[in-house]
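Asker: If you scroll down you'll find the structure; I have some questions about it.
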Amino acid sequence: LLPQAPALREARASLGAATAGIRVARSAYLPQLQLSYNRQALGSSGSFDLLPSPFRFSGALRFSVSLPLFDQWGREEAITRARVTESVAEETAREAELTARQTLAQQLAQLRLAQAQVTRTQYERNRA
């Protein structure tokens, strides 16, 4: 019963998202790769024939790697924020679990009390 409590499932999902946020923030330390291709045709023609091609085609393939060395502490700030978010999510999940346990214990106590009252009522009816 306890692991399927909606509030607990929501809190655990938020914790998973916060943990993923840390991985995203750390990815700023990785190099960025970029690949692009460009193709163009140059030329002119006096006719509107579609088959003959007086154009010259050229293409360019570009590959670049960038590694930001300093971004005014933006990466470190993002990681710190992500860690704080994860810490808050952990505490929220812990609170949700404790609340679910408390609710379950209260409902079980109410059930036992109701069972005792039914038993007492049946005993009194049988005695009378």
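The values are calculated or read from the model by the stated rules, or taken from the named source; none is laboratory data. In this text, all values refer to a predicted model and were calculated from it rather than measured experimentally. For neighbour counting, all protein chains shown are included, and Cβ atoms are generated from backbone atoms with ideal geometry for every residue, glycine included. Note: areas computed on protein heavy atoms with side chains; ligands, DNA, RNA excluded. Shrake-Rupley method; radii C 1.70, N 1.55, O 1.52, S 1.80 Å.
Asker: Is it the case that the stretch 104-122 has a residue that's touching a Lys or Arg at 6+ places or on another chain (Cβ under 9 Å) and surrounded by fewer than 13 Cβ atoms within 10 Å (Cβ to Cβ)?
Answerer: no
Asker: Quick test of your reading of the structure: residue 86 fulfils all but one of (1) under 29 Å from residue 6 (Cα atoms); (2) of a type in the set (Asp, Glu); (3) out of contact with any helix residue (DSSP H, G or I) (no Cβ under 8 Å at 6 or more places or on another chain). Name the failing condition by number.
Answerer: For residue 86, the exception is condition (3).
Asker: Kindly provide the set of residues from the stretch 74-128 that are among the β-branched types (Val, Ile, Thr) and over 30 Å from residue 18 (Cα atoms), ordered by number.
Answerer: Once the filter is applied, which keeps residues that are among the β-branched types (Val, Ile, Thr) and over 30 Å from residue 18 (Cα atoms), the stretch 74-128 yields 118, 119, 121.
Asker: With the checklist (1) farther than 30 Å from residue 108 by Cα; (2) free of Cβ contacts under 8 Å to residues at least 40 places away in the same chain; (3) not aliphatic (A, V, I, L, M) in hand, flag the one item residue 26 doesn't pass.
Answerer: (2)
Asker: Given the structure, is residue 70 open to solvent by 100 Å² or more (accessible area, probe 1.4 Å) and assigned to a loop (DSSP other than H, G, I, E, B)?
Answerer: So residue 70 passes the test.
Asker: Applying the selection to the stretch 28-39, what residues are among the small types (Gly, Ala, Ser) and surrounded by fewer than 11 Cβ atoms within 10 Å (Cβ to Cβ)?
Answerer: Selection gives 36 alone.
Asker: Would a scan of the stretch 41-62 turn up a residue that is modelled with pLDDT of 85 or more, of a type outside the set (Ser, Thr, Tyr) and surrounded by 12 or more Cβ atoms within 10 Å (Cβ to Cβ)?
Answerer: no
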